[in-house]
Each structure stands twice: as structure tokens, then as C-alpha cells.
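Report on the structure given below.
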Amino acid sequence: MKILTKKTKCYIYTRVSTAIQVDGYSLDAQKEKLRRYAEYQEMEIAHEYSDEGFSGKNI
């Protein structure tokens with residue numbers, strides 16, 4: 001008999017605040033790193049959020 005365990009859910013949030021950061025540290029690279037971490041921790045990704053190129057200074 002297989003015992004089912006409930007995975008912990010997590011959310012992925014990636015952010016860069018300037019165009020320079022978008023070019024220097026891509027959202028895709030951040031997402032991939034966070035996805036690998038979630039897999040390693042046996043977490044289920046419930047949703048992913050991205051904040052591209054906005055900073056509190058400019059709003």
C-alpha cells in the first residue's frame with residue numbers, strides 16, 4: 001500500500017527593478033533557480049509571479 005504525502009505548496013516571485021538588472025540577471029535565470037530549489041525540497045509550485053522593470057522610486 002502506497003502512502004500519499006501532501007506536498008508543501010510554494011509561490012515563485014521574481015523581480016528586477018531596472019533595465020540594467022533585466023539584462024544582467026534575467027527573470028528566466030531566477031525562475032529556473034527557484035524551480036530547481038522547489039523540486040529539491042519536494043514542493044509544489046502553486047503559482048509564479050514576475051515584476052519586470054518597476055521600482056518603488058519610479059511609481
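Readers should treat all values here as calculations from the given coordinates under stated rules, not as data from a laboratory. From a predicted model like this one, the values you see are computed outputs, not experimental measurements. Here the Cβ is made from the backbone with ideal geometry for all residues, glycine too, and neighbour counts use every protein chain on show.
Arrange Thr5, Thr14 by Cβ neighbour counts within 10 Å, fewest through most, would you?
Numbers: Thr5 7, Thr14 19.
Taking fewest neighbouring Cβ atoms as first place, the list is Thr5, Thr14.
Between Thr14 and Tyr49, Ser50, Asp51, the built amide H atoms are under 5 Å apart, and every one of these is 5 or more places off in sequence or on another chain. Highest mean packing comes first when the peptides 25-31, 44-50 are listed by Cβ atoms within 10 Å, giving 25-31, 44-50.
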